[in-house]
Amino acid sequence: MSEENNLVAVVRTEFGKGAARRARRDGQVPTVLYGHGEDPRHLNVPARDFARILRAQGTNAILTLDIEGTEQVALTKSVVVHPIRSYIEHADLLVIKKGEKVTIDVHVVVVGDAAAGTMVAQDASTISIEADALHIPEQIEVSVEGLEIGTQILASQLELPVGSVLQADADTLIVNVVAAPTEADLEEGAEAPAADEAAEEA
């Protein structure tokens, strides 16, 4: 694991909204570390370094925390971001150990170009899998290269990394290749709202 994922975590002694605001003002993110039957630990981690890790590795990032001189590996379980200012308000971290399996949602990314005259509809952007906690894939790619109209790709058809096991319903629709709309379809779609407005005015 990269040393770039190392964070010095400070144990929190103050709680509540006021304490959280003060922590964020001081460049820290309030977090809760839990798992393995241990009592939850309330920590602050450096906001800038934490955000950098999430930008590079996504919300399933693995962290190595230095908690008062003791090292603890943790999985970023959930992140709450302010809806307007986009700063990290809070995060939940999960204690993990070497060789442990975890169930997480991984992003599905469509690559390639389907056949001419088609349009690719992605019905699921994430998929639930079980994977080694220290080897979580950043994303799962699904190729639509040359696929024809009517082709569907289900969760069971995804190529998962070695050691990963699908946890989602095997019949979950991931990609659906349909006919691309014609110029006439687009014109008809644009005319429909105008006709509805005219009917309402009448």
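The values are calculated or read from the model by the stated rules, or taken from the named source; none is laboratory data. Not measured: the values here are computed from a predicted model. All Cβ positions, even for glycine, are placed from backbone atoms using ideal geometry, and neighbour counts span all protein chains on display.
Here Lys77 passes the criteria (1) touching an Asp or Glu at 6+ places or on another chain (Cβ under 6 Å); (2) charged (D, E, K, R); (3) over 20 Å from Arg24 (Cα atoms) except the one numbered (3). Looking at this structure, is Gly146 out of contact with any helix residue (DSSP H, G or I) (no Cβ under 6 Å at 6 or more places or on another chain) and free of Cβ contacts under 8 Å to residues at least 60 places away in the same chain? Judged against the criteria, Gly146 is a match. When each of Gly58, Gly16, Gly69, Gly37 is tested for being on the phi > 0 side of the Ramachandran plot and modelled with pLDDT of 85 or more, the lone residue that passes is Gly69.
Just checking, does the stretch 30-50 include any residue being more than 23 Å from Ile174 (Cα to Cα) and of a type in the set (Ser, Thr, Tyr)? It would help to see each step written out before you state the result.
Restricting attention to the stretch 30-50, the residues satisfying the condition of being more than 23 Å from Ile174 (Cα to Cα) are 30-50.
This time we only want the ones that are of a type in the set (Ser, Thr, Tyr), so: 31, 34.
Within the stretch 30-50 (the criterion being more than 23 Å from Ile174 (Cα to Cα) and of a type in the set (Ser, Thr, Tyr)), the answer is yes, since at least one residue qualifies.
Checked against (1) in contact with a Lys or Arg (Cβ under 7 Å, 6 or more places away or on another chain); (2) at pLDDT below 90, Ile136 passes all but condition (1).
Based on what the data block shows, is Val80 over 16 Å from Asn6 (Cα atoms), part of a strand (DSSP E or B) and outside the structural domain of Asn60 (by TED's automatic domain parsing)?
Working: over 16 Å from Asn6 (Cα atoms): yes; part of a strand (DSSP E or B): yes; outside the structural domain of Asn60 (by TED's automatic domain parsing): no.
When the stated conditions are applied, Val80 does not pass them.
Quick one: is Leu93 crowded, with 17+ Cβ neighbours inside 10 Å, farther than 20 Å from Ile53 by Cβ and either outside the structural domain of Val79 (by TED's automatic domain parsing) or modelled with pLDDT of 90 or more (or both)? The answer is no for Leu93. Does the stretch 112-124 include one or more residues that are surrounded by fewer than 16 Cβ atoms within 10 Å (Cβ to Cβ), touching a residue at least 12 places away in the same chain (Cβ under 8 Å) and under 30 Å from Asn44 (Cβ atoms)? Scanning the stretch 112-124, I find no residue that is surrounded by fewer than 16 Cβ atoms within 10 Å (Cβ to Cβ), touching a residue at least 12 places away in the same chain (Cβ under 8 Å) and under 30 Å from Asn44 (Cβ atoms), so the answer is no.
In this structure, is Val162 without any contact (Cβ under 8 Å) to a residue 12 or more places away in the chain and either within 30 Å of Val95 (Cα to Cα) or out of contact with any His (no Cβ under 6 Å at 6 or more places or on another chain) (or both)? Show your work before the answer.
Details: without any contact (Cβ under 8 Å) to a residue 12 or more places away in the chain: yes; either within 30 Å of Val95 (Cα to Cα) or out of contact with any His (no Cβ under 6 Å at 6 or more places or on another chain) (or both): yes.
For Val162, the condition - without any contact (Cβ under 8 Å) to a residue 12 or more places away in the chain and either within 30 Å of Val95 (Cα to Cα) or out of contact with any His (no Cβ under 6 Å at 6 or more places or on another chain) (or both) - is met.
Could we say that Thr103 is surrounded by fewer than 19 Cβ atoms within 10 Å (Cβ to Cβ), within 26 Å of Glu138 (Cβ to Cβ) and either outside the structural domain of Gln167 (by TED's automatic domain parsing) or under 24 Å from the mean Cα position of the chain (by Cα) (or both) here? Against the criterion (surrounded by fewer than 19 Cβ atoms within 10 Å (Cβ to Cβ), within 26 Å of Glu138 (Cβ to Cβ) and either outside the structural domain of Gln167 (by TED's automatic domain parsing) or under 24 Å from the mean Cα position of the chain (by Cα) (or both)), Thr103 qualifies.
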